[in-house]
1. Could you give log10 I(q)/I(0) at q = 0.18, 0.24, 0.26 Å⁻¹ for the chain, computed by the Debye formula over C-alpha point scatterers of equal weight, without solvent?
2. How charged is the neighbourhood of TRP12? Take every other residue with its Cβ under 9 Å from the Cβ of TRP12, and add Lys/Arg as +1 and Asp/Glu as -1.
3. Which ordering of VAL23, VAL63 is given by a fewest-first count of other beta-carbon atoms within 10 Å?
4. Taking Cα atoms, how many degrees apart are the long axis of helix 47-59 and the longest axis of the chain, rounded to 10 and kept between 0 and 90?
5. Which trypsin sites (Lys or Arg not before Pro) in segment 1-67 pass both tests, a DSSP loop state and at most 13 other beta-carbon atoms within 10 Å?
6. Taking other Cβ within 10 Å of each residue's Cβ, how do THR36, THR26 sort, fewest first?
7. Near LYS42, which lysines are there with a Cα under 17 Å away, not counting those fewer than 8 places off in the same chain?
Amino acid sequence: MSEINTSKVSRWDQHGREHVVHVQRTGAHRVMSCDTCGWRKKVQFLPWLKAEEHLAEEHQATVDPKAS
Ligand SMILES: [Zn+2]
């Protein structure tokens with residue numbers, strides 16, 4: 001089960017480094033910002049999904065630390 005109200009998404013890469021994307025609510029939008037590379041994006045829907053996509057594509061970070 002994933003936490004739908006979480007304000008950050010963290011994933012580990014294959015080297016065990018943690019990458020975090022924070023999700024902030026600003027009115028009708030959510031703004032995502034990546035700690036690792038400074039990437040920012042504003043979306044209306046499914047920010048956690050977009051954050052996971054970014055972590056997987058840009059940082060090859062796909063391991064959910066909460067999944068174990
Ligand atoms: Zn990033």
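1. Debye output, listed in q order: -0.60, -1.02, -1.17.
2. Numbers: positive: ARG11, ARG17; negative: ASP13, GLU18, ASP64.
That sum, taken over residues with Cβ under 9 Å, equals -1.
3. Details: VAL23 18, VAL63 15.
Ordered from fewest to most neighbouring Cβ atoms within 10 Å, VAL23, VAL63 come out as VAL63, VAL23.
4. So the helix axis and the longest Cα principal axis differ by about 40 degrees.
5. Working: sites: LYS8, ARG11, ARG17, ARG25, ARG30, ARG40, LYS41, LYS42, LYS50, LYS66; in loops: ARG17, LYS66.
Answer in residue order: ARG17, LYS66.
6. Numbers: THR36 16, THR26 8.
Exposure proxy ranking, most exposed first: THR26, THR36.
7. Within the straight-line cut-off, LYS42 pairs with LYS8, LYS50.
Read-outs: derived from the displayed coordinates by stated rules, not from any lab. This is a predicted model, so every value here is computed, not measured. Quick reminder, even Gly has a Cβ in these numbers, built from the backbone with ideal geometry, and neighbours come from all protein chains shown.
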